[in-house]
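Report on the structure given below.
Read the figures in this text as sums done on the coordinates, not as results from a lab. These figures come from a predicted structure and were not determined experimentally. We place every Cβ from the backbone using ideal geometry, glycine too, and count neighbours over all the protein chains shown.
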Ligand SMILES: Cc1cc2nc3c(=O)[nH]c(=O)nc-3n(C[C@H](O)[C@H](O)[C@H](O)COP(=O)(O)OP(=O)(O)OC[C@H]3O[C@@H](n4cnc5c(N)ncnc54)[C@H](O)[C@@H]3O)c2cc1C
């Protein structure tokens, strides 16, 4: 496919947030390039939930349907590849792809998501998205009332345990090392019969990603159906940082209510801007970014 080099908007990241923005821009007849490296963060999970009209569908199927609908708009081009660098120019931006090609636009949208940094526990990666999950709204209902674990420590473990106790009363908190829960927090958990295990985890024993046991460093095993885990993340693209965008203390790209970053002409949407990681939120912010990009393009020319 012939890719035109000059666009109104380049969207980096063509998943849920990026495609939503592209739909708004396509319908506004803006020349838009979506550049996507094809690695959405939910690619490890077999079913997506908590998203009306798509509840229980395969995530890749939702994205494929979205792509098909977006690509019907003639102003939209899709390039498979990675954006490796970017720079501000007099009247816009240059983005350089992994194959060394330069593309240009008046505005940029980063819908690049985040990369989950999984702990180096044997079996963790194989279970991620299947029986090791990040979000009770996305995956809690399917494992309700089962024997569940929480991998977290301190205040985060306490808050997570309080929340997850709504899905199951059979809960164990794995602090994976010395507990940093306060005495009061630990007491409250124990009152609710939520066990606290401090011994380090050696392995998650599983069958095709579905947990059977947690094997501890001391050789004990604990039977478990699923584990909730809050894992650290990093931004999937360095370009917002290189362009000078400001970040929040949690590591998200700072945006205002209209999805504008702190650099004029640069927008961001989806997981890279918020700790509220869910498809509907990513889609909503992408739609808003698309409309606001179109408004800025109008403001610049009329
Ligand atoms: C395991 C797991 C399960 C989940 N399950 C659910 C669920 O059941 N229900 C729910 O509502 N939410 C779920 N979520 C959350 C949901 O998947 C995210 O909120 C959503 O994918 C965010 O969309 P996004 O477009 O911001 O980012 P992503 O979907 O992560 O997409 C980012 C895109 O940007 C591309 N990209 C990144 N950097 C570059 C670059 N430099 N150049 C080109 N392309 C780039 C990536 O390849 C990717 O295609 C889950 C998340 C995880 C991790």
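What is the Cα centroid distance between region 264-297 and region 233-253, reported in whole angstrom?
Measuring centre to centre over Cα atoms gives 15 Å.
Could you give the length gained by full extension between residue 47 and residue 190, i.e. 0.36 nm per residue of separation minus their alpha carbon distance, to one decimal place?
Contour length minus Cα-Cα distance gives 48.1 nm.
Tilt of helix 16-27 relative to the longest C-alpha principal axis of the chain, in degrees (0 to 90, nearest 10)?
Computed tilt is about 20 degrees.
Assuming 0.36 nm per residue, please report the length gained on full extension of the stretch residue 135 to residue 96 beyond their Cα-Cα distance.
Length gained between residue 135 and residue 96: 10.6 nm.
Count the DSSP beta bridges whose two residues both fall in region 79-191, then state the antiparallel fraction as a percent rounded to the nearest 5.
Beta bridges within region 79-191, antiparallel portion: roughly 65 percent.
Report, largest value first, the span of the C-alpha coordinates of the chain along each principal axis, in whole Å.
65, 34, 33 Å, listed from the longest principal axis down.
Bin width 10 Å, origin at 0, all Cα-Cα pairs of region 117-208: what percent of pairs per bin?
16, 49, 32, 3
For the chain, find the longest principal axis of its Cα atoms and tell me its angle to the long axis of helix 154-164, 0 to 90°, nearest 10.
90 degrees
What's the ranking of 280-293, 15-28 by average number of surrounding C-beta atoms within 10 Å, highest first? It would help to have the intermediate numbers written out before the result.
Numbers: 280-293: 22.7, 15-28: 26.8.
Order by mean packing, descending: 15-28, 280-293.
Take 250, 206 and order them by how many other Cβ atoms sit within 10 Å, fewest up front.
So the residues, fewest neighbours to most, are 250, 206.
Evaluate E = 1/(1 + (r/R0)^6) for residue 120 and residue 284, where r is the Cβ-Cβ distance and R0 equals 35 Å; express this FRET efficiency to the nearest 0.05.
Numbers: r = 35 Å, r/R0 = 0.99.
Efficiency, from the Cβ-Cβ distance: 0.50.
Test of understanding: ordering 245, 135 by Cβ neighbours within 10 Å, fewest first, what list do you get?
With the sparsest Cβ surroundings first, the list reads 135, 245.
Alpha carbon centre of region 1-40 versus region 147-166: separation in Å?
The distance from the Cα centre of region 1-40 to that of region 147-166 comes to 39 Å.
For 58, 255, which order do you get if you count the other beta carbons within 10 Å of each Cβ and list the fewest first?
58, 255
Restricting to DSSP H runs of at least four residues, report the calculated mean residue ellipticity at 222 nm for the chain, -39500 (n - 2.57) per run over all residues, nearest 500 deg cm²/dmol.
-8000 deg cm²/dmol
Taking Cα atoms, how many degrees apart are the long axis of helix 59-70 and the longest axis of the chain, rounded to 10 and kept between 0 and 90?
Helix 59-70 and the main axis of the chain meet at about 10 degrees.
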